[in-house]
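Novice: Quick one: the structure is below, questions incoming.
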Amino acid sequence: MQTFTNVKELGNLQAAVKEALEIKKNRFAYKSLGENKTLLMVFFNSSLRTRLSTQKAAMNLGMNTIVLDVNQGAWRLETERGVVMDGDKSEHLLEAIPVMGCYCDIIGVRSFARFESKADDYSENILQQFIRYSGRPVFSMEGATTHPLQAFADLITIEEYKTQARPKVVLSWAPHPKALPQAVPNSFADFMNEADVDFVITHPEGYELDPQFVRGAKIEYNQEKAFIGADFIYAKNWSAFADVHYGQILSRDRSWTVDTDKMNLTNQAKFMHCLPVRRNMIVTDDVIESPQSIVIPEAANREIACEMILKRMLESLE
Ligand code: CP
């Protein structure tokens, strides 16, 4: 495995989930695979879960890890080619990336949407430059438009908690005070569309996601109707995708907050969220603290999802 940015790169999805669940039974089984191999984690943006779970996954495999917070202690990086570098940016990404590749065997990159240009964000400019110029296998630790490690962990969690062969999984928009990228819902849709689930997306009008991720998913603009009979509720905020409103907040409607009344419409659904979550905006205290909430085991599976990706990348180095 050379890159991990989307569901297709996993190959057979059922086999990938099975492999991950096997790793979970003994997460130190491949301890020798990463001996004398180094993972470089490059963060252009903040993180709690991704930072810790990725480092832990690498350690499970016997790897060394280096963490670079680009905005804390590194030279300020220019990312656009052709710029006259007479400002405050001292180094260009086009030198920095191959240099980083000299010091490691695998690279993980986190680089969020900037909301300056939809075309720039959806070109995944920074992640793609790492893929092209580092000379190393590269995986996304959340890019501008996708978060595949999160979605893989989400699918593993659904597999563990489902009570029927083909569960109904609902991705629900919920309000948030800040404009958030579409990366998490994009990847969740990307994975759910390939999984054996009945997948429904519910959001206010105007919050339609990129069709390349939505594909054949059912869209339901009535949130309560969408929740009826659901086995999993996956709440998430995202900003508008459509050209004219790209990256904007179109609604702060708190009637979309996931509360107990709405969860009572479901088939005793499990509540999921990638975290961090804004309580009483996205979800009420009562729901996230209820036995139906599986946000903590979901976060725990980030370690397993990442370990499987790193294992496949290490195997491809040999
Ligand atoms: N879910 C997730 O990626 O969390 P962090 O932003 O804390 O890494």
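Novice: With just the Cα atoms defining each centre, how far is segment 253-282 from segment 69-115? Give it in Å.
Specialist: Cα centroid of segment 253-282 versus Cα centroid of segment 69-115: 38 Å apart.
Novice: Same structure, new question: Could you sort the peptides 122-128, 230-236, 255-261 by per-residue average Cβ neighbour count (10 Å cutoff), highest mean leading?
Specialist: Descending packing order for the listed peptides: 230-236, 122-128, 255-261.
Novice: What order, most packed first, do the peptides 164-171, 105-112 have when packing is the mean number of other Cβ atoms within 10 Å of each residue? Spell out each step's value before the answer.
Specialist: Working: 164-171: 18.6, 105-112: 24.2.
Averaged packing, sorted descending, gives the order 105-112, 164-171.
A short reminder: the numbers here are calculations on the coordinates, not readings from a lab. Bear in mind that the values here come from a model prediction, so they are computed numbers and not experimental data. All Cβ positions, even for glycine, are placed from backbone atoms using ideal geometry, and neighbour counts span all protein chains on display.
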